[in-house]
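Working notes for the structure below.
The values are calculated or read from the model by the stated rules, or taken from the named source; none is laboratory data. Keep in mind the model is a prediction, meaning the values are calculated, not measured. Here the Cβ is made from the backbone with ideal geometry for all residues, glycine too, and neighbour counts use every protein chain on show. The protein model used for the area step is the full one, side chains on, heavy atoms only, and it has no ligands, DNA or RNA in it. Shrake-Rupley method; radii C 1.70, N 1.55, O 1.52, S 1.80 Å.
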Amino acid sequence: MRRVIFNQKGGVGKSTITCNLAAISAAEGKRTLVIDLDIQGNSTHYLLGHKVTDADATLARFFRDTLSLNLFGKNPSNPLSAIIHETPFANLYVIPSHPELEPLQSRLETRYKIYKLREAIDELSQFDRIYMDTPPVLNFYSRAALIAARHCLIPFDCDAFSREALYKLLEAITEIKLDHNPGLDIEGIIVNQYQSRANLPQRLVDELIAEGQPVLQTKISPSIKVRESHSESKPLIHFAPDHKLTEEYKALHQELQDKQPA
Ligand SMILES: Nc1ncnc2c1ncn2[C@@H]1O[C@H](COP(=O)(O)OP(=O)(O)O)[C@@H](O)[C@H]1O
Ligand SMILES: [Mg+2]
């Protein structure tokens, strides 16, 4: 199972949702990997408690290596294997991001390296589930993740401005699906920080559903616990196992599992 969490808007909950779903998956005993494709490294920090300064231990090394031709035979191990980090949580691993991804980007684009991530993941057999966190922009890295993924989850923060962006986003993902990744399943829109008692969010969600947009049944409430769990670098299932928000994340995880073909 490979899932990308994407919305080109920042602050909608991509990193939080990625890490919390991955942590639930790992706690179920599934070997789970998070690939952090955002140079901000929020998922890396959330899961490891720190960022990774040595670029050679991060995704930057993988992409840099795709630019250098190895004329002396292939390295027998998977190019991603060397940059996988254990987290403090059983079964949960992360490939960290690094600021060097930024200057690498234009070279990767001009040399058509967009499929390299998918190829490397195809050969990475030791994980049951892979979650990809993306930057808040449709750039080389978010495209590479959308091409490498089988499922795409879209966080949405219920504001009127986000709605216009949502249509553009769905179009862009559909285009990538048609051109590069026919197997990509747009599994749904997850409404984050949903205030069920406020009028505007409820109306927005109702309208999206009436339009036939794939809004998921589970909604994630706003809670101070999220920020606390970030600052403790502990996903909610470990930080606040009995909290309402943790239950919502578990429900989201289950809803997504149930949607997948057996
Ligand atoms: N359900 C929530 N309740 C309260 N705050 C949240 C919730 N989800 C995310 N946040 C906060 O919103 C901010 C953006 O979340 P983040 O996951 O980093 O979004 P993105 O990765 O899309 O930029 C963070 O400060 C995070 O703590
Ligand atoms: Mg983020």
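See the values below:
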item	result
Cross-link table K113/K177; K14/K116; K113/K250; K113/K259; K168/K225, entries beyond 28 Å C-alpha to C-alpha	K113/K250; K113/K259; K168/K225
Dipole magnitude of region 2-259 about its Cα centre (Cβ charges: Lys, Arg +1; Asp, Glu -1), debye to nearest 20	200
Solvent-accessible area per residue, Å², over the chain with all protein chains present [probe radius 1.4 Å]	47
Cα gyration tensor, region 21-100 - rounded (a/c under 1.5), prolate or oblate	oblate
FRET E, pair R150, A82, Förster distance 30 Å, beta-carbon r, rounded to 0.05	0.75
Accessible area in the full protein assembly, largest first, 1.4 Å probe, for K9, K14	K9, K14
Virtual spin-label span in nm between R227 and E109, 7 Å along Cα→Cβ	3.5
Fraction of accessible area attributable to carbon and sulfur, the chain (%, probe 1.4 Å)	50
Contact order relative to length of the chain, as percent, for alpha carbon pairs under 8 angstrom and 6 or more apart	26
Fraction of beta bridges assigned by DSSP in region 1-160 that are antiparallel (%, nearest 5)	10
Estimated vicinal HN-Hα couplings, Hz - region 113-121 in sequence order (Karplus 6.51, -1.76, 1.60; Gly, Pro = x)	9, 5, 8, 5, 5, 4, 4, 5, 5
Where GluC sites (Glu not before Pro) in DSSP loops with at most 15 other Cβ within 10 Å are excluded, longest remaining stretch of the chain	29-122
Candidates V205, V94, V34: whichever shows maximal mean-square fluctuation once the chain is modelled as a Gaussian network with Cα springs under 10 Å	V205
Computed over region 118-262: relative contact order in percent, which uses C-alpha pairs under 8 Å that are six or more apart	19
Long-range HN-HN contacts of Y131 with modeled amide H, under 5 Å	R3, L33, V34, I35
Under 12 Å, Cβ to Cβ, from R107 - net charge with Lys/Arg +1 and Asp/Glu -1	0
Projected label distance in nm at E207 and R163, using a 7 Å step from Cα toward the beta-carbon	0.1
